[in-house]
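What follows is a short report on a single structure.
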Amino acid sequence: MHRKLFKVCMIGDFAVGKTSLVQRFMYNEFRMDYQATIGVNISKKEVIHPSLPAGRITLIIWDLAGGEPFTPVVEAYYRGAMGALFVADVTRPSTVEHLATYIRDFRSVSPHAQGLILLNKIDLLSSSPTSVDELKAVAESFGMPVYLTSARTGQNVEEAFTALGHRLVEQGAYE
């Protein structure tokens with residue numbers, strides 16, 4: 001039985017919910033206490049994909065500290081990644097705009113990697129749907145699928161991670 005491992009990076013500003021999204025995906029839990037990630041936390045989880053002989057792939061998730069400048073250390077974290085989840089906080093529109101820099105830096109190291117954009121904390125957005133549509137339009141301009149997520153409620157979290165796994169397989173990353 002052959003299983004394929006895929007390195008996936010969680011990338012975005014500090015406090016956008018990267019760690020909370022990983023916690024929701026890995027353990028189906030949400031913690032209210034915020035603890036900033038220092039460096040990188042690495043997790044591993046299998047994702048089912050029916051087109052594979054073994055029926056599954058394994059995502060090795062690198063949860064990176066947010067807002068770090070693009071240094072040789074960050075570049076080393078990105079190296080070898082087959083995918084990335086770029087995360088922004090819908091209650092802080094500037095975090096959506098910052099995605100352009102993260103995407104550019106990541107693609108400079110892993111140009112063929114697959115990516116998705118997660119607009120997180122959708123449960124906290126009390127403004128009109130128009131502002132969500134505007135943020136989504138900005139995110140879509142980066143040329144990747146966009147998911148509105150909530151680590152707190154679990155909205156679209158499993159779907160986003162699974163979709164990235166499927167994209168990795170469908171784009172020929174599976175050997």
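The values are calculated or read from the model by the stated rules, or taken from the named source; none is laboratory data. Everything numeric in this text was worked out from a predicted model, so none of it was measured. Here the Cβ positions follow ideal geometry from the backbone for every residue, glycine too, while neighbour counts run over all protein chains shown. For accessibility, only protein heavy atoms count, side chains too; no ligands or nucleic acids. Shrake-Rupley method; radii C 1.70, N 1.55, O 1.52, S 1.80 Å.
How much net charge surrounds GLY39 when only the other residues with a Cβ under 12 Å from the Cβ of GLY39 are counted, with Lys and Arg +1 and Asp and Glu -1?
Overall, the nearby charge balance is -2.
Write out the chymotrypsin sites (Phe, Trp or Tyr not before Pro) in region 82-156 meeting two conditions: DSSP loop, and at most 16 other Cβ atoms within 10 Å of their Cβ.
Taking region 82-156 and a limit of 16 other Cβ atoms within 10 Å, the loop chymotrypsin sites (Phe, Trp or Tyr not before Pro) found are PHE142.
Would you rank THR19, THR149 by solvent-accessible area, highest first, keeping every protein chain in place and using a 1.4 Å probe?
THR19, THR149
Hey, what number do you get for the chain at 222 nm if only DSSP H runs of n ≥ 4 count, each worth -39500 (n - 2.57), divided across all residues, to the nearest 500?
Taken over the chain, the calculation gives -9500 deg cm²/dmol.
If you restrict to DSSP beta bridges whose two residues both lie in the chain, what percentage is antiparallel, to the nearest 5?
Counting only bridges with both partners in the chain, antiparallel ones make up about 30 percent.
Write down the accessible area per residue of the chain in Å², having rolled a 1.4 Å probe over the full set of protein chains.
It amounts to 49 Å² per residue over the chain.
How large, in percent, is the carbon and sulfur part of the accessible surface of the chain at a probe radius of 1.4 Å?
Heavy-atom surface of the chain belonging to carbon and sulfur, 1.4 Å probe: 53 percent.
Please give the solvent-accessible surface of SER20 in Å², to the nearest 10, using a probe radius of 1.4 Å with every protein chain present.
Probe radius 1.4 Å; accessible area of SER20 about 30 Å².
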